[in-house]
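Report on one structure; see the data block that follows.
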Amino acid sequence: MRILGAASAAATSYPALAAIQQGAAAAPVQGPGRKAFGADMGDMRHLNADTVIISSNENPLGPAQSALGAIATTAPLGGRYHMEETMQTVQVLYDQFNLKKGYIALTPGSGGPLDLALMSNIGPDKPLVYADPSYEQGPRAADTMKAPKFPVPLTATYAHDVRAMLKAHPSPGAYYIVNPNNPTGTMTPREDILWLLQNKPAGSVVIVDEAYFHFSDHESVLDQVAADKDIIVLRTFSKIYGMAGLRAGYAAGRPDLLAKFNTVAAPARSLASISITSSAAARASLLDKDLVSLRRKINSDVRAETLEFLTKKGYKIVPGSQANMFMVDVKRPGRAFQMQMMKENVAIGRTWAAMPNYVRVTVGTKDEMAKFETAFVKCMDQAPGTVNGAELHLPEHYVPSELHRA
């Protein structure tokens, strides 16, 4: 189901979004399905209507008003395929990034093309080198392709250690870099990625996941695609553009690298085409010249206020986040603390094996983060308890995660 293109909702379903876009204080939108989240293909477990959901790195602002207008205009055309709609959006991407024809694949979300980028370059004799902790889709793809895995710890500044990654294996199929990194939100300097591109062995590909790039103030490496380097860059409209449920993303790479996606065995390569409403919303977002800078500032301001609060209270955080997430040390198993927070109606993110006492928290609205702060202090003031096995495997609530890209 993750790779299917979902139908887009009409703009009238989201009456509060226009006010939110202007920075006005507004409650989270309570649209259809707001309370229910599916655990993969399993049963539906319900959250309370007032639960603060800061677990999935979603954007609480939702789609921009320009995107909603484009959806409303395009939806009546949905009875026909209108492939030219998608090509118009691809052309905007070509123009914005100075890319030639054939260097962009527009897709329903970025999860599918990320799998294809990984799977088309790794295998039993072509290992994957990646950072630890980082987004798990890399090692999951390696497991699927039976590719050897070489995790490399982050540096002291929580960047990808590109020199250690280069030493990890003499001839890997791919190096996977998430920038900003998920879950730490920290950046790997552009010059480090360029160094890896320059010094990597021939035949290896650098795959850079820039899902959260728009939240940062660093330079992208997407220009290396135009320079015909051995690189694939993935981006999504799910994060700063607030289109997680609309499913739109793209892969940028040389035509020969994108063509390799077709070498992945079905059904992994069976990506549906993007819907015309999602394409129109994506194009409108790209052409909305003030959107990224406005939302970057909103996220940065709320994140800074939250981290200042945590730091003044004496809590330890991972410094340097430039994404819509951060990590904080809860001095106990993160999964147990996550369950404590759920009892306070605050759904926070998961933990990683490399940092078991840290939890990841998504940056929500100012009001949501105020509720998070109250609940966090209350839970931290409680003595760490024990969590039995039954509770671990059968939690009271399903906590939404971007792992489940339904």
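Read the figures in this text as sums done on the coordinates, not as results from a lab. Note that the structure is a prediction, hence the values are computed from the model and not measured. Positions of Cβ are backbone-derived with ideal geometry, glycine not excepted, and every protein chain shown enters the neighbour counts.
Observations on the structure shown:
- Sorting 179-186, 150-157 by average packing, meaning the other beta carbons within 10 Å per residue, from highest down gives 179-186, 150-157.
- Proxy reagent accessibility, fewest Cβ within 10 Å first, across 301, 230: 301, 230
- In nm, spacing of pseudo-spin labels at residue 157 and residue 88 (7 Å Cα→C-beta vector): 4.4
- Segments 73-85, 119-131 sorted - mean Cβ within 10 Å per residue, highest first: 119-131, 73-85
- Full-extension gain in nm, residue 81 to residue 140, via 0.36 nm per residue minus C-alpha separation: 17.9 nm
- What the phi angles of region 352-366 give under the Karplus curve with 6.51, -1.76 and 1.60, with θ = phi - 60°, is a coupling list of 10, 4, 6, 9, x, 9, 9, 10, 9, 10, 7, 7, x, 6, 4 Hz, glycine and proline written as x.
- Furthest towards positive pole of dipole, 274, 188, 222, structure part region 65-287, Cβ charges: 274
- For residue 167, the lysines whose Cα falls under 16 Å of its own Cα, not counting residues fewer than eight places away in the same chain, are 126, 149, 200.
- Cα→Cβ-extended label distance, 7 Å offset, between residue 305 and residue 100, nm: 4.9
- Extending 7 Å from Cα along the Cβ direction at residue 297 and again at residue 171 yields two label points whose distance is 5.3 nm.
- For the cross-link pairs 297/366; 100/260; 331/378; 343/371; 239/297; 239/312, the ones whose C-alpha atoms lie over 24 Å apart are 239/312.
- Under 16 Å from residue 229, Cα to Cα: aspartates and glutamates that are on another chain or at least 8 residues apart: 191, 192, 209, 256
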